[in-house]
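What follows is a short report on a single structure.
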Amino acid sequence: MHKAPRGTFDILPQEYAYWKYVEEKATSLCQLYGYQPLSTPIFEDAQLFTKTVAGGTDIVDKEMYIFEDKSGQELALRAEVTAPVCRAYIEHGLFNLVQPVKLYYIGPAFRYERPQSGRYRQHHQFGFEALGEADPTLDAEVIEMTQQFFYSLGLSQFSIQLNSIGCKLCRPGYLEVLRQYYSSYTDRLCADCKTRLVKNPLRLLDCKNASCQEIAKTAPKITDYLCHECQLHFQSVQKYLGAMNIPFQLNHRLVRGLDYYTRTVFEVEPRAKGGQSALGGGGRYDNLIEELGGKPTPAVGFAAGLERIILNLKQHKIDIPALPKPDAFIAHLGEEAKIEVMKIASELRKTGISVITATGDKSLKGQMRQANSSGIAYALILGEQEISKRNVMLRDMRSGEQKTIPLAEIASRLLNEVKQP
Ligand code: AMP
C-alpha cells in the first residue's frame with residue numbers, strides 16, 4: 001500500500017473550497033495593490049538557497065531536499081520562494097522596468113521538518129515581493145497588505161510583530177555585543193544555541209528552548225545599535241504604519257529564519273497559539289539581489305503558509321463559500337435514451353451549463369439518489385416516451401416538482417432557472 005510521503009498530504013475535493021477561498025483572496029489582494037503573478041520552478045540550483053538563506057539556518061543546515069540529477073548537477077526543491085523570485089528578476093532583466101517591480105506567487109515549498117500540525121515537508125506559500133526600491137513607504141505598504149490579506153479572509157485574531165535587524169554596516173557591531181552577552185551563559189544554552197553562538201548569533205534570540213528564552217529576554221536590543229540610516233528608516237516605517245492606523249508590536253527578539261534579511265522584519269502571530277507559530281512573515285532584503293549577481297537592489301516582501309491559514313479558518317469557524325455544483329444531472333431510461341443523453345449533455349455544456357450524466361444501468365431511483373448526493377438542483381429525465389415526443393422531464397430536486405418541456409427549449413429554460421435563480 002502506497003501512502004503520501006511523511007509530512008505531505010493530498011488535498012481532497014471537500015477540502016478544496018478552503019484552498020480556492022484563500023487563493024482568490026490572495027489574487028484579488030494583489031490586484032488591488034498592483035502586484036503581478038510570477039511562477040518559478042519548484043527546483044532550482046541548490047546554491048541559490050545555500051548561498052542566500054545561508055549556513056547556520058535550520059533551513060539550509062537541516063531541511064533542504066538536495067539531489068543530483070542525471071547530469072550530476074546539484075539541485076534543490078525550493079525551500080522558499082524569495083530567492084527564486086530574485087533569480088528570475090535578474091535573469092529576465094526586470095531591473096530594466098520601472099521600479100519597484102511588484103510580483104506575487106502561490107505554490108509549494110519543501111522543508112525536511114518534523115511533521116506536526118501546521119508544519120509539513122511540503123507546504124504552500126503565498127508571497128509578494130516589491131523589488132527595486134528602498135523607500136520605507138513600501139515596507140509599510142507590504143505590512144498593510146499583509147494585514148488586509150488576513151482581514152479579507154475573516155481572520156483578525158493576530159498581531160503584527162515588528163523589528164529592524166540593521167544592515168551590513170551596523171549589524172556586525174551588534175553581533176559582537178550579542179556574542180559577548182551570551183558568552184557568559186554558554187553552560188545554560190541548548191546544543192543548537194551553542195552552535196548558533198559561533199555560526200549565527202542573531203538566531204540565538206528566537207530559540208524556542210525555555211532556558212535560552214530566559215537569557216534572550218535581557219539580551220541587548222539590536223534597535224539600540226542601528227546606524228543612523230537604519231534608525232531613520234525604521235522610524236519612518238513606524239510613522240507610516242501609525243498614519244495608516246496599523247497596530248504593531250515592537251519585538252526586539254524577532255529575527256526571522258532566513259539570513260538575507262536587512263532592516264525591517266515582521267511576523268504575523270496568531271493570538272491563540274496552537275501547534276503552529278507564525279502565520280506569515282516578511283521583511284526587507286536589500287543585499288539579496290546583489291548576492292545573486294545582480295546590481296545592488298533593495299527589496300521587501302512577505303510570505304504566508306496556506307496550510308496554517310486554513311487551520312486558522314477552521315479554528316475560527318469562518319464560513320467558506322462551497323465549491324460550485326454541476327447545474328444539472330441527466331438521467332435516462334433505456335439504451336436509446338442513453339444516446340440522446342450524451343447528445344443533450346454535449347449541447348448543454350456548449351452553452352455553459354455544467355452537466356453530469358448517469359452512467360451504467362442504475363434504476364431511475366438509483367440515478368436520482370446520485371443526483372441528490374451530488375447536491376445538484378435540477379435533473380433531466382429522458383425515457384422512450386420523452387424521446388418519441390422530443391420532450392424531456394425537468395425535475396427540481398429541492399421541491400420534487402416535475403414538468404415536461406420540449407427538448408429544444410431545455411438549454412434556455414435551464415439557463416433561466418440555473419444561471420439567474
Ligand atoms: P518562512 O519562509 O520561513 O518565513 O515561512 C513563511 C511562512 O510559511 C511561515 O510563516 C509559515 O506560515 C509557512 N511555513 C513555513 N514552513 C512551514 C512548514 N514546514 N509547514 C507549513 N507551513 C510553513
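The values are calculated or read from the model by the stated rules, or taken from the named source; none is laboratory data. Note that the structure is predicted; figures quoted are calculated from it, not measured. Cβ coordinates were reconstructed from backbone atoms using ideal geometry, including for glycine residues, and neighbour counts include every protein chain displayed. Surface accessibility is based on the protein's heavy atoms, side chains included, excluding ligands, DNA and RNA. Shrake-Rupley method; radii C 1.70, N 1.55, O 1.52, S 1.80 Å.
Going residue by residue through region 219-236, is there one that turns out to be within 16 Å of the ligand (Cβ to nearest atom), open to solvent by less than 70 Å² (accessible area, probe 1.4 Å) and either part of a helix (DSSP H, G or I) or within 30 Å of GLY93 (Cβ to Cβ) (or both)? No: region 219-236 contains no residue that is within 16 Å of the ligand (Cβ to nearest atom), open to solvent by less than 70 Å² (accessible area, probe 1.4 Å) and either part of a helix (DSSP H, G or I) or within 30 Å of GLY93 (Cβ to Cβ) (or both). Of the residues examined, LEU333 is one that is touching a Leu at 6+ places or on another chain (Cβ under 8 Å), more than 30 Å from GLN47 (Cα to Cα) and either open to solvent by less than 10 Å² (accessible area, probe 1.4 Å) or more than 16 Å from the ligand (Cβ to nearest atom) (or both). Restricting GLN315, GLN276 to residues that are more than 8 Å from the ligand (Cβ to nearest atom) and modelled with pLDDT under 95 narrows the list to GLN315. Of all residues in region 30-49, those that are in contact (Cβ under 8 Å) with a residue 24 or more places away in the chain have Cβ atoms under 8 Å from Cβ atoms of residues that are surrounded by 12 or more Cβ atoms within 10 Å (Cβ to Cβ) and acidic (Asp, Glu), 6 or more apart or on another chain, in TYR33/GLU141; ASP45/GLU74; ALA46/GLU74; GLN47/GLU74; PHE49/GLU80. A residue that is closer than 29 Å to ALA140 by Cβ and modelled with pLDDT under 95 occurs somewhere in region 186-200.
Of the residues making up region 227-245, not a single one is in contact (Cβ under 8 Å) with a residue 40 or more places away in the chain and under 19 Å from VAL60 (Cβ atoms). Considering only residues in region 353-391 that are among the hydrophobic types (A, V, I, L, M, F, W, C) and touching a Phe, Trp or Tyr at 6+ places or on another chain (Cβ under 8 Å), the one that is farthest from VAL418 (Cα to Cα) turns out to be ALA358. Annotation note: Cβ proximity below 9 Å between a residue of region 63-74 that is acidic (Asp, Glu) and a residue that is part of a loop (DSSP other than H, G, I, E, B) (sequence gap 6+ or interchain) occurs for GLU63/THR57; GLU63/ALA79; GLU63/ARG111; GLU63/TYR112; GLU63/GLU113; GLU63/ARG121. Looking only at residues in region 94-107 that are closer than 28 Å to MET64 by Cα and of a type outside the set (A, V, I, L, M), the one that is farthest from the ligand (Cβ to nearest atom) is LYS102.
Residues that are in contact with a strand residue (DSSP E or B) (Cβ under 7 Å, 6 or more places away or on another chain) and without any contact (Cβ under 8 Å) to a residue 12 or more places away in the chain within region 322-357 comprise LYS338, ARG349, listed in sequence order.
Go through the residues of region 286-295 one by one and say whether even a single one is open to solvent by 60 Å² or more (accessible area, probe 1.4 Å) and either touching a Gly at 6+ places or on another chain (Cβ under 7 Å) or within 16 Å of the ligand (Cβ to nearest atom) (or both). Within region 286-295, none of the residues are open to solvent by 60 Å² or more (accessible area, probe 1.4 Å) and either touching a Gly at 6+ places or on another chain (Cβ under 7 Å) or within 16 Å of the ligand (Cβ to nearest atom) (or both). From the list GLN161, GLN148, the lone residue that is closer than 30 Å to GLU24 by Cα, surrounded by fewer than 17 Cβ atoms within 10 Å (Cβ to Cβ) and in contact (Cβ under 8 Å) with a residue 60 or more places away in the chain is GLN148.
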